[in-house]
Amino acid sequence: MDLINSFLNLIIDRISQTAFSFVFPIYLFLKLLSFLIRSTFAEDVAGKVVLITGASSGIGEHLAYEYAKRGAYLALVARRENRLRKVADVAEILGSPYALVIHADVSNVDDCKRCVHTTVAHFGRLDHLVNNAGITSINLFEEYNDPRNIASVMDTDFWGTVYCSYYAIPYLKQSRGKIIGIASSAAWLPTPRLSFYTASKAAVISFYETLRVEIGREIRITIVTPGLTESEMTKGKFMFEDGKMYLDQELRDAVMSVMPIEPVGGAAEAMVRGGCRGDEYVTEPPWMRMTFYWRRLLPEVVEWLNYLFIMTGSSPTDSFGKRLLEFSGLKPFIYPASVRSPEWGYE
């Protein structure tokens, strides 16, 4: 066995380098050709049924509006029923023939089963499942008195995705439908204070990449990896060490610092467009893709920068990145107005 591994260590690297120089240009050409074909024949979702989790605010809310503009029937899922009904009303004004409101918590497996079955019972089919629901914790690992307090991050962000996918797959196979999974570019960026969140999003990506190998010939799977996007999280709503949600914009500024926050409307439009096109991955804004390569090629540099910008402060709400944000006057230019506002508008 050692002899075989030694032989592979010797030749695989050399073969890979030689093959890469010839195969990669062909691969890029085929990718471009595939993109052009998929763009030309992108799916028309008018009259189709789309189930969206976490639809009461942020990305999920605006995904609902984008699908509504395209004439899709909607099943909107979230825990805040009053807020969800307002989103449904707007979606119908924008063009959805009907928006069904389903009050549920995706961290509960029975609720996920009910969401899917209620949607199919009402509309008779399911064409797109958009797994968007998520929450974010914002503490250093050592600050948790009991790590079980933060288990709900994985329960919502990862297991909610798994549960909904499990019950939706039989119906999506019937319709030759699609799954759009909202992960995050945070999955590959080692951002301090977001360890549970980044772990949950990395798990989502790995889950869907493996699922794509298993069922990708029957159900197209689009993995969305947004950067910082206008949402409740970027407004400063986080889960703290006691397992409860609080609004803290000072801590938000210390962690997110000078990273631009993209307006949610344009981001949601790009996500739906990529999903209808059948893209395997959608990163929005597109420049965030490069951070993946930075992490792979320059891991020590990326880790050092994260430490410098977030960990070098006198308190949790102080950091070099926050001081740079305040000193440079960049905040009005890189934070949307709704994110800068101290007002919290959601019940």
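The values are calculated or read from the model by the stated rules, or taken from the named source; none is laboratory data. What you are looking at is a predicted structure, and each value in this text was computed from that prediction instead of being measured. In this analysis, Cβ positions are derived from the backbone assuming ideal geometry, glycine residues included, and neighbour counts consider all displayed protein chains. Protein only, heavy atoms only, side chains kept; ligands, DNA and RNA dropped before computing areas. Shrake-Rupley method; radii C 1.70, N 1.55, O 1.52, S 1.80 Å.
Figures for the structure shown
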quantity	calculated
So residue 79, is it under 22 Å from the mean Cα position of the chain (by Cα), basic (Lys, Arg) and open to solvent by 20 Å² or more (accessible area, probe 1.4 Å)	yes
One residue from 257, 184 being of a type in the set (S, T, N, Q) and under 19 Å from the mean Cα position of the chain (by Cα)	184
Filter result (in a loop (DSSP other than H, G, I, E, B) and either within 25 Å of residue 283 (Cβ to Cβ) or in contact with a Pro (Cβ under 8 Å, 6 or more places away or on another chain) (or both)) within segment 132-175	132, 133, 134, 135, 136, 138, 140
Test set (1) surrounded by fewer than 19 Cβ atoms within 10 Å (Cβ to Cβ); (2) part of a strand (DSSP E or B) - residue 110 fails condition number	(2)
Evaluation of residue 21 against (1) over 21 Å from residue 269 (Cβ atoms); (2) open to solvent by less than 80 Å² (accessible area, probe 1.4 Å); (3) under 28 Å from the mean Cα position of the chain (by Cα) (one fails), failing number	(3)
Residue ID - most open to solvent (accessible area, probe 1.4 Å), chosen from residues in segment 159-168 that are among the hydrophobic types (A, V, I, L, M, F, W, C) and under 16 Å from residue 222 (Cα atoms)	162
Selection count where residues are open to solvent by less than 10 Å² (accessible area, probe 1.4 Å) and either of a type in the set (Val, Ile, Thr) or farther than 18 Å from residue 183 by Cβ (or both), scope segment 265-275	1
Scan of segment 54-72 for residues that are in contact with a Ser or Thr (Cβ under 9 Å, 6 or more places away or on another chain), outside any helix (DSSP H, G or I) and surrounded by 24 or more Cβ atoms within 10 Å (Cβ to Cβ), ordered by number	54, 72
Residue match in segment 91-105 (condition: within 17 Å of residue 160 (Cα to Cα), open to solvent by less than 20 Å² (accessible area, probe 1.4 Å) and part of a strand (DSSP E or B))	yes
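So that you can scan it fast, the table gives a plain yes or no per residue for (1) open to solvent by 30 Å² or more (accessible area, probe 1.4 Å); (2) more than 19 Å from residue 58 (Cβ to Cβ):
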{"position": "170", "(1), (2)": "yes, yes"}
{"position": "225", "(1), (2)": "no, no"}
{"position": "239", "(1), (2)": "no, no"}
{"position": "243", "(1), (2)": "no, yes"}
{"position": "246", "(1), (2)": "yes, no"}
